[in-house]
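Right, one structure below, let's go through it.
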Amino acid sequence: MSKFNVLCFLSLLLIFSCSKENETIDNIEVTQTIKQVSNLKERNSRDFGETLVNYDENLLQSVGILFSKVLIKHPNARDYFSEVMNTIYNNGNSVSLIDVLNTDNSINPFLESFEMEYLELYGDPSFNCSRPNEEEEPPTLEVDLLLLSPVGSFSNYLNAILNEHCIELYFPNGIDYNLLKVDFPEVISSAHPLTNASTNESYINRVECRIETSTVDANTPGNVVIARFKRPQGNQRGCLYTEYSFIEDFRTFLSN
């Protein structure tokens, strides 16, 4: 065999060996990927329900906290809210969040204050809240990227609470505006537990950054704010929340 033929044969053998090796590596990588996807699907199917509830409840809890902070710290926003409650809701004990955070109103002091409290509470460096490490942290808005998209900015957050969900705020004891004007006002906020429980974790909100956890039930006194989902009534269009079909009516939580 000529030297040229030998070289050609060796070259072909080398190419064939490399391609087989690459194919083996590719097969291993594909197999590993399939296993990872399979494990992920198994984990997702096992944890998705619990993760969804945790995400939704944390979202509701954050709305309750921010709303309470605005009521306590921003008089102009408080007056705006009072006007909404008076003119639209006849001073009832609940309000749709979208009516309070009316983005169609170019001058909405409540929306502006709500954004300020969001930036302060969730760590924008320009709104240094300076919470001591030992203080309670607000409910996290971070979730597993493989399950749900995280709420990473105020615009995304606003879209989540106004467009992706139908949220209303319920005041079991009404709103006592005089209690908001004392030297050290407090508003207790909580959320529907998204179960049929009759109590839930709550947050005691004050002027300072400090947030103290407690428990809310039907006998909790003072200004109490409950964030909950809202289904459409009658022929209204809205959020059906079929994933929570086991909850017949969100309005029964802490109802008197």
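The values are calculated or read from the model by the stated rules, or taken from the named source; none is laboratory data. What you see is a predicted model; the values in this text were computed from it and never measured. Every residue, glycine among them, receives a Cβ derived from its backbone with ideal geometry; neighbour counts consider all protein chains shown.
Could you please find all residues in the stretch 176-212 being over 22 Å from M116 (Cα atoms), touching a residue at least 24 places away in the same chain (Cβ under 8 Å) and of a type in the set (V, I, T)?
Matches in the stretch 176-212: T195 only.
Among the residues of the stretch 109-145, write down those that are surrounded by fewer than 17 Cβ atoms within 10 Å (Cβ to Cβ), modelled with pLDDT of 65 or more, over 11 Å from the mean Cα position of the chain (by Cα) and part of a loop (DSSP other than H, G, I, E, B).
If the condition is that a residue be surrounded by fewer than 17 Cβ atoms within 10 Å (Cβ to Cβ), modelled with pLDDT of 65 or more, over 11 Å from the mean Cα position of the chain (by Cα) and part of a loop (DSSP other than H, G, I, E, B), then E137 is the only one that fits.
Looking only at the stretch 72-94, count every residue that is part of a loop (DSSP other than H, G, I, E, B) and closer than 18 Å to R206 by Cα and tell me the total.
So the answer is 1.
Taking the residues in the stretch 54-75 that are hydrophobic (A, V, I, L, M, F, W, C) and within 10 Å of the chain's Cα centre (by Cα) as candidates, determine which candidate is farthest from D183 (Cα to Cα).
The selected residue is L59.
Here are some residues: E186, E212. Which one is closer than 28 Å to L121 by Cα and more than 20 Å from the chain's Cα centre (by Cα)?
Exactly one of E186, E212 is closer than 28 Å to L121 by Cα and more than 20 Å from the chain's Cα centre (by Cα), namely E186.
Considering only residues that are in contact with a strand residue (DSSP E or B) (Cβ under 9 Å, 6 or more places away or on another chain) and small (G, A, S), look in the stretch 179-236 and name the one that is nearest to E164 (Cα to Cα).
Going through the qualifying residues, I end up with A227.
Among (1) under 21 Å from L158 (Cα atoms); (2) not aliphatic (A, V, I, L, M); (3) not in a helix (DSSP H, G or I), there is one condition D99 misses while meeting the rest; what is its number?
Answer for D99: the failing condition is (3).
Here are some conditions: (1) modelled with pLDDT under 90; (2) closer than 18 Å to I65 by Cβ; (3) among the aliphatic types (A, V, I, L, M); (4) out of contact with any Lys or Arg (no Cβ under 9 Å at 6 or more places or on another chain). L148 meets all but one. Which one does it not meet?
(2)
Taking the stated definitions as given, is E164 in a loop (DSSP other than H, G, I, E, B) and either more than 23 Å from K73 (Cβ to Cβ) or at pLDDT 95 or above (or both)?
Yes: the conditions hold for E164.
Are any residues in the stretch 151-161 more than 9 Å from the chain's Cα centre (by Cα) and modelled with pLDDT under 80, and if so, which ones?
Result: G152, S153.
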